[in-house]
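Shown next, in C-alpha cells, is the structure this report addresses.
The values are calculated or read from the model by the stated rules, or taken from the named source; none is laboratory data. Computed from a predicted model, the values in this text were never measured in an experiment. In this analysis, Cβ positions are derived from the backbone assuming ideal geometry, glycine residues included, and neighbour counts consider all displayed protein chains. Heavy atoms of the whole protein, side chains included, go into the accessibility calculation; ligands, DNA and RNA do not. Shrake-Rupley method; radii C 1.70, N 1.55, O 1.52, S 1.80 Å.
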Amino acid sequence: MPSKTKRKTRIMIDKEKCTGCKACMLACAVKHTGRYSTSMARIWVNEIDEMVVVPNVCRHCVAPACMRACSAGAIKKEGELVVLDIKKCTGCRACVDACPFGAIKYSEKLKKALKCDLCDGEPECIKACIPGAIY
Amino acid sequence: MYGYAGKILFVDLGKEKIVVKKLERARAKKYLGGVGLAASFIWEMTDAGTDPLSTENPLIFVTGPVNGTGFPPTGRFAVCSISPLTGIWGESHAGGFFGPQIKYTGFDAIVVTGRSNEKVYLALDGGKAELRSARNLWGLDVLETTDRIREEMPGSEVACIGPAGENLVKFASIQVCKYRAAGRTGMGAVMGSKNLKAVAARGVGEIEVYDVDKFVDLVEEARRRYTEERWGIAAQESLGKYGTTSLVEAEQEIGRLPTKNHTTGIFRDFDKIGGEAVRKLVRKKRKACMGCAIQCKYVAMIDSGEFAGTITEGPEYETLVAFGSDELNSRLDSIVYANYLCNKLGLDTISTGKSIAFAMELSEKGLISQSIKWGDVEAMVKLVSDIAYRRGFGNELAEGVRNLAAKLGPEAEKLAVHVKGLEMSGQDGRAHKSIGLTHAISVRGADHLRSISCLDELGYVDIAKERYPEDAKVILDLRSEKLKGILVADMETNYAIVDSLIICKYGTMWPPIFYYPDYARLIYYTTGFEEYQKPENVQTLGDRICMLRRAINARRGITRKDDTLPYKQLHEPMPEGPAKGEVVHLDVMLDEFYDARGCTRDGKPRYRRLKELGLKQVGDELAKANIISSEN
Ligand code: SF4
Ligand code: SF4
C-alpha cells in the first residue's frame, strides 16, 4: 500500500486497477461542496469500454497550460500545486480548452471552472479508492 | 428533505401525462425508501384483482435515502410491481450506477402506469422528464439499446429491456448499465407490456445528508470495516477476489450445490465451474458498483473455442448453478456465453437456466417429446434465444416452470422447482434448513435474498453468539429445523431495511458486518429522522415493511398452503453428500416463523400486529375483505 499519510503533491493514476466505482468522485464532491454528486467532483472517471476505465484528474503540471491560458490570472503555481482562485475565475473556459489532459471541467451550476486542489495534500479521492488505482 | 431528492415522478403512459409530486415527509419516515416506499404505493394503487400486465399495474423504479451518497455501496435501486410470473408482490434489485442517477435528476422514485400507444422511452435529463420515441429501439438488444441512447444522451445511465421483455417473457429482466440485471420476478415483462423500452437518466443534482461530518466519518468507518480486520479481510479475500463465484466450492462442501434440476446437492465437476476455474480461465478485470468498498464484480472473457471473443460482466454464483451444475453442464465457457445472451436479450439467468434444467429432466423422464439432454450445450444456447423470442418449445418455457408443469400434469409438477411460481435460486433446504424456510416464506417466491441466513451457512460463530447468546449452537446447526423460524424472521426484517436504504446484501449477510445499530446511525445521519437513532425502532420499521408486503400477498390470496417447497425438497431425501437422507420438515419452522412475524398460523398478518406497526388501515381493509379477522 502506498502511504496515505504523506502529503501529496500529485495524484498518480494506475488505470489498470480502476474498477470504475466512482467512489473518488463522491468523496471529492462532498469534500468540496458538503453534498454528494458526480457533477461537482473535480476528479472523474471515463468508461471507455468493458475493460478500460480511466480516472482523470489534474496533474499539477510544472509548466501548466491552464495557467498560461487564463487571462484573469485565476490560476497560479503555489509551490508544487496548481491552484485555481475561484473568486477570480470568470468562467471563460480557456483553461478547460488548454489543459492537454482534459483535467478541468466547467460547472454549469457555478458558471466557473472546477479543478483539483489536492485537498491540502491529503486527497479524499485516494482515501476512497479501494483497489489503489489512484495513489 | 435530507438524504432524499424529495420528489416522485408519476408517468401515465396511456395519457402521456407526467406529474411531479412531493415525497411527503411522513411517508418517507414511515417506509424509509426502496421496497418500503414501493410497497406503500403498490398497496394503495393495486387491489386483489390487478392483472400484472394490465395498464393499472404500476411499475416502480425506486431508490433509498443512501443511494447517490458516498456510503458504500451507493449504486443500487429496486423495481417493484405485481409480478406476471408469480401474480403476487414482485421486486427486483440491481447495482451499477443507475439508481443514483435517478436521484441526481431529482427523483426518489418513478411510478409508471398505463400503456403507451407508441413505443417510447423515458428520458430524465437534468431536471426534465420527457417521453421520447423508441420506434427505432424496439427490437434491439440490451447492448445496442444502451449504446444508442448513450449516443443521444452521453453520460446517461440506461435501464432497458431486450427482446425478452418486449415479448413478455414471464421472467424477462430489466438490465442496467448493460450487465446488471433486475432479473427476478419478470419486471421486464411489465415494462414491455407498457411499451416502455428504457429509462435513461443523467442528472446534475446533489444529495444533502443531515449530518455531513458524522456521515463522512461513518463512510470511512464502513470502508475500513469492508477492508480491514477480520471481516473486512474476509470480504476482500472472498468477494473482492472471486465475487460470488467461490460459493460454488463452499456449497459443494456442505452438499448444497443445486445439481440436476435440484435433485442433489453434489456436482462431480464443481471445480470446473467454481471460483478457482473462473479466476484462472475467464476473469479479466475487477469491476464494482457505484461507491462500493467490496467491489465484487468482474469482467469475463472467453479466449478460445466456439464462444471465443465473448465479453460480459461475469457470471455470478447463481448463474454458474443455473447454467452449470443444475443442467449437469461443466463447460464454463458455455455458462459465460449463456450469461452474455441473457444480458443481451434481457432474461433473468436464474429462471432461464432453471427452466432449461426443468426441460432436461422432463425430457429424460419422457414427459415431453423434445430431446434435450443433460449438459447439452448446443440445446441450452438455442433454448435461451428461443425463450427470448418465444420460438417453438421456448415459447412454453417462457411462461415459467409452474405454468408448463400445470399443463403437463402431476408427474411434471413433482419435478418443477419453484415456489409461488418463481424458479428457485441456487440453494437447497435439505442441506441448510433455514434456507428451506426462507424459500418457502419469501414474499416474492423461491428466492434467497429476502431472508437468507449466512450465520449457519458459512459458520459465523462469533456473530451467532453475539446475536443469540443462549442459542448460538442450535442456530448454527445447519441441518436442524430448531429456532430457524426466529432466525429467518430476523433476517427478513434486517434485509427489509437493507432493501429500503438501499444498500447491498454483501457486507450485511456475507460477511455480516452491519446490523440494526449500524443502520440506526446510518439512517439518522442521512435523514435526521430522530426516532431511528434507536435500533429497536429501526427493527420496527423493518417489521412494518415485511408485513406490508405480506399484506399485499394476503390480499391476493396467499396463505400457508403457498408458503411451501418443491416436492423434491419435502419428499425426496438428499441422495448423497453431507446432507444425505435429509428432507425439509417445514411445518415446525413455519409455526415458529409465523409467531415471530406476527402472523396467524395460517400465514396471514395478524390484525393486532398490523395495528402495532402503524398499519391499521391495512388491517381494516383485509378484515373488510374477510381475509383476516380484527379479533386476531
Ligand atoms: S489543469 Fe491540466 S494543464 Fe493545468 S495543471 Fe492540471 S493537468 Fe496541468
Ligand atoms: S475510486 Fe479508484 S477504482 Fe473507483 S473509480 Fe475512482 S480511481 Fe477508479
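Annotations for the structure displayed:
- Taken as a whole, the structure leaves B:ALA277 outside the set of residues that are free of Cβ contacts under 8 Å to residues at least 12 places away in the same chain and not assigned by TED's automatic domain parsing to the domain that holds B:PHE98.
- Filter result for the condition that a residue is farther than 23 Å from A:CYS24 by Cβ and within 14 Å of ligand 1 (Cβ to nearest atom), over A:ASP117, A:ASP97: A:ASP97
- Subset tally (residues that are in contact with a strand residue (DSSP E or B) (Cβ under 6 Å, 6 or more places away or on another chain), among the β-branched types (Val, Ile, Thr) and away from every other protein chain (no Cβ under 14 Å)) for segment B:51-81: 3
- Some residue of segment A:83-93 being in contact with a helix residue (DSSP H, G or I) (Cβ under 7 Å, 6 or more places away or on another chain) and either within 16 Å of ligand 2 (Cβ to nearest atom) or more than 28 Å from B:VAL219 (Cα to Cα) (or both): no
- Helices (runs of 4 or more DSSP H) fully within segment A:60-135 that include at least 1 residues being without any contact (Cβ under 8 Å) to a residue 40 or more places away in the chain: A:65-69, A:94-98.
- When B:VAL120, B:VAL79 are screened for being buried (at least 24 other Cβ atoms within 10 Å of the Cβ) and either in contact (Cβ under 8 Å) with a residue 40 or more places away in the chain or in contact with a Pro (Cβ under 9 Å, 6 or more places away or on another chain) (or both), only B:VAL79 passes.
- Restricting attention to segment B:19-71 and to residues that are among the β-branched types (Val, Ile, Thr) and assigned to a helix (DSSP H, G or I), the residue that is nearest to the chain's Cα centre (by Cα) turns out to be B:VAL35.
- Residue check, A:CYS129 more than 15 Å from ligand 1 (Cβ to nearest atom) and crowded, with 17+ Cβ neighbours inside 10 Å: yes
- Qualifying residues in segment A:39-56 (those that are open to solvent by less than 20 Å² (accessible area, probe 1.4 Å), more than 9 Å from ligand 2 (Cβ to nearest atom) and in a loop (DSSP other than H, G, I, E, B)) - the one farthest from the other protein chains (Cβ to nearest Cβ): A:ALA41
- Subset of segment B:198-227 (residues that are open to solvent by 60 Å² or more (accessible area, probe 1.4 Å), of a type outside the set (Lys, Arg) and more than 11 Å from chain A (Cβ to nearest Cβ)): B:TYR210, B:ASP217
- Search result, residues across segment A:94-116 that are more than 14 Å from every other protein chain (Cβ to nearest Cβ) and buried (at least 16 other Cβ atoms within 10 Å of the Cβ): A:ALA94, A:CYS95, A:VAL96, A:ALA98, A:CYS99, A:ALA103, A:ILE104, A:LYS112, A:ALA113, A:LYS115, A:CYS116
- When each of B:LYS365, B:LYS354 is tested for being in contact (Cβ under 8 Å) with a residue 40 or more places away in the chain and open to solvent by less than 30 Å² (accessible area, probe 1.4 Å), the lone residue that passes is B:LYS354.
- Residue that is nearest to the chain's Cα centre (by Cα) [pool: residues in segment A:100-135 that are among the acidic types (Asp, Glu) and within 16 Å of ligand 2 (Cβ to nearest atom)]: A:GLU124
- Condition check for A:MET67: facing chain B (nearest Cβ under 9 Å) and either farther than 14 Å from A:GLU124 by Cα or touching a strand residue (DSSP E or B) at 6+ places or on another chain (Cβ under 7 Å) (or both): no
- One residue stands out in segment A:11-27 among those that are part of a helix (DSSP H, G or I) and touching a strand residue (DSSP E or B) at 6+ places or on another chain (Cβ under 7 Å): the one that is nearest to ligand 2 (Cβ to nearest atom), namely A:CYS24.
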